[in-house]
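Colleague: My questions all concern the structure below.
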Amino acid sequence: MTFTEAADVAVLGGLLALVAWRARPITEAVRLRNAVLLQRGRAEDFTWTPPSFPPDFKVERLAPPPEFRDIVTSLVGEGDRGDWENALTLATHLTEHVEDRGPIQADLLTTYRAIRNGYGYCADFVRIFLALAHSCGLIARQWAFSFDGFGGHGHTVVEVFDRQRKKWLLIDVLNNFHAIDVATGEPLSALEYRDALLGKRPPAATQANGPGRLGFPYDHKAVDYYQRGINQWYMWWGNAVFSYDANPLVRWSAAVSNKLAHLAAIVVGVQPRIRIYETAENAAEVRRIFALRRILFAGGAVAIVLALVLVFQLMTSAGDPMAAR
C-alpha cells in the first residue's frame, strides 16, 4: 500500500470514527438520522386530507398480510362502524398489557406479539397502530416531538382521519388517551391540541381511549409533558410500514442489525422523510439541526470521493507491478 492509499484509508477511518462517536448515546444516533431525513415544513403542508395525499408522502399501497387482517377482524368485525370507534378499538387493544418491559425493534408481526407481552416504546406502538389502521381501512399518519433539539429524546403519536367528521383526530396510543374540547366533548386533531396547550384555542382535556393503563393519570401531567416539546414537532412523511418491512434489502439488513436496516431503508427510499412543523419559536433549533445536516452531507461527499479515489488507486496499483513492490 502506498503512502497516498494509506492516507486515504486513515481519513476514511477518521470520518467513520467521528460519526460513530457522535452517534452515542442512541438519542444522538437518532438526531443524526433525523438530520439526514429532515425537510422544511410550512403550515399548509399539514392541512391535507384524504383521499388527496402530498405527492411525496409515502402512502401504504400493499395489501395487509393475513395475520393483520385476522387481528383486525377479531377486533372490529365487518360491520358498519365509524372510523373513530374503530380507531379507539385498535388503540385500546394495544394498551391492554402495557408493562414497559423495554423496546422491541423487530418486524411488524414480532413487534405486535411483543407488545401483547408487555414490551414496547411509543414508536413500537405507533408503528403497529399504523399497520392495524391500514388493515382496517383507516388512514393514519404519525406525528412526533422531541425535547432535545429534534434528537431521540421525545415522543410519537398518531392522527386518524375520521371520514365521518372529515378531520384528523389525535391518539396517543402508548399513553392511552386522546384530546377533547372541554366545551363540546369533541375529539381534537394534533395541532388543535397543540394550539389549546398554547392558549390559542379553547381549553382541551384528555380522555382515555379505553380501559388500559393510563400513561398520565392526571391531566396536568400530560399537559406538562407535551408542553416540554411544544416547539419541536414534526411529522413522519409516510405511513407505509408494510412496504418498509417487505423490502428485501431492509429485511436482509434487519437480520444483521436494526441500525443497518435503518440505513438500508434510507438508501433504497422506503424510509419516510421528516417534515418539521416550523414556527417562529423553534427557528433557532431548526437552524441548528439543518447545520448538522449540512455537515453530515459534506462529510458524506468527502467520504465518497475518498472511497472512489482509493478504489482507483488500488486498481492502478494492481495493474502496475512496480507500484506493488
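Colleague: Among the residues of the stretch 226-236 satisfying the criterion of being in contact with a Phe, Trp or Tyr (Cβ under 7 Å, 6 or more places away or on another chain) and not in a strand (DSSP E or B), which is surrounded by the fewest Cβ atoms within 10 Å (Cβ to Cβ)?
Modeller: By that ranking, first place goes to Arg228.
Colleague: If we scan the stretch 289-297, do we find a residue that is in contact with a Lys or Arg (Cβ under 8 Å, 6 or more places away or on another chain) and in the same structural domain as Leu132 (by TED's automatic domain parsing)?
Modeller: No.
Colleague: If I go through the stretch 264-277 residue by residue, how many of them are crowded, with 17+ Cβ neighbours inside 10 Å and more than 19 Å from Ala144 (Cβ to Cβ)?
Modeller: Total satisfying the criteria: 1.
Colleague: I would also like to ask the following. Here are the criteria: (1) part of a loop (DSSP other than H, G, I, E, B); (2) closer than 24 Å to Thr47 by Cα. Tell me which single one Ala133 does not satisfy.
Modeller: (1)
Colleague: Could you list all residues from the stretch 146-190 that are assigned to a strand (DSSP E or B), closer than 25 Å to Glu278 by Cβ and among the aliphatic types (A, V, I, L, M)?
Modeller: Matches in the stretch 146-190: Val157, Val158, Val160, Leu169, Leu170, Ile171, Ala179.
Colleague: Exactly one of (1) part of a helix (DSSP H, G or I); (2) in contact (Cβ under 8 Å) with a residue 12 or more places away in the chain is unmet by Val270. Its number?
Modeller: For Val270, the exception is condition (1).
Colleague: Still on this structure: Among the listed residues Val72, Val98, identify the single one that is touching a residue at least 60 places away in the same chain (Cβ under 8 Å) and part of a loop (DSSP other than H, G, I, E, B).
Modeller: Val98
Colleague: Kindly indicate which of Asp219, Asp245 is within 30 Å of Tyr193 (Cα to Cα) and of a type outside the set (A, V, I, L, M, F, W, C).
Modeller: Asp219
Colleague: I've got another one for you. Can you pull out every residue in the stretch 141-193 that is touching a helix residue (DSSP H, G or I) at 6+ places or on another chain (Cβ under 6 Å) and either outside the structural domain of Gly215 (by TED's automatic domain parsing) or over 24 Å from Thr89 (Cβ atoms) (or both)?
Modeller: Once the filter is applied, which keeps residues that are touching a helix residue (DSSP H, G or I) at 6+ places or on another chain (Cβ under 6 Å) and either outside the structural domain of Gly215 (by TED's automatic domain parsing) or over 24 Å from Thr89 (Cβ atoms) (or both), the stretch 141-193 yields Phe147, Gly149, Phe150, Gly151, Gly152, His153.
Colleague: Now for a different question. For the stretch 207-225, name all the residues that are in a loop (DSSP other than H, G, I, E, B) and either in contact (Cβ under 8 Å) with a residue 40 or more places away in the chain or not aromatic (Phe, Trp, Tyr) (or both).
Modeller: Result: Asn209, Gly210, Pro211, Gly212, Arg213, Leu214, Gly215, Phe216, Pro217.
Colleague: So, in the stretch 101-125, of the ones that are over 15 Å from Phe68 (Cα atoms) and surrounded by 23 or more Cβ atoms within 10 Å (Cβ to Cβ), which residue ends up nearest to the chain's Cα centre (by Cα)?
Modeller: If we take residues in the stretch 101-125 being over 15 Å from Phe68 (Cα atoms) and surrounded by 23 or more Cβ atoms within 10 Å (Cβ to Cβ), then Asp124 is nearest to the chain's Cα centre (by Cα).
Colleague: I need the full set of residues from the stretch 237-248 which are assigned to a helix (DSSP H, G or I) and of a type outside the set (D, E, K, R), in order please.
Modeller: Across the stretch 237-248, the qualifying residues are Val241, Phe242, Ser243, Tyr244, Ala246, Pro248.
Colleague: Specify which of the listed residues (Arg201, Arg194, Arg251) is under 24 Å from Tyr277 (Cβ atoms), among the basic types (Lys, Arg) and assigned to a helix (DSSP H, G or I).
Modeller: Only one candidate passes the filter, namely Arg194.
The values are calculated or read from the model by the stated rules, or taken from the named source; none is laboratory data. Not measured: the values here are computed from a predicted model. Here Cβ is always computed from backbone atoms with ideal geometry, including for glycine, and neighbour counts include all displayed protein chains.
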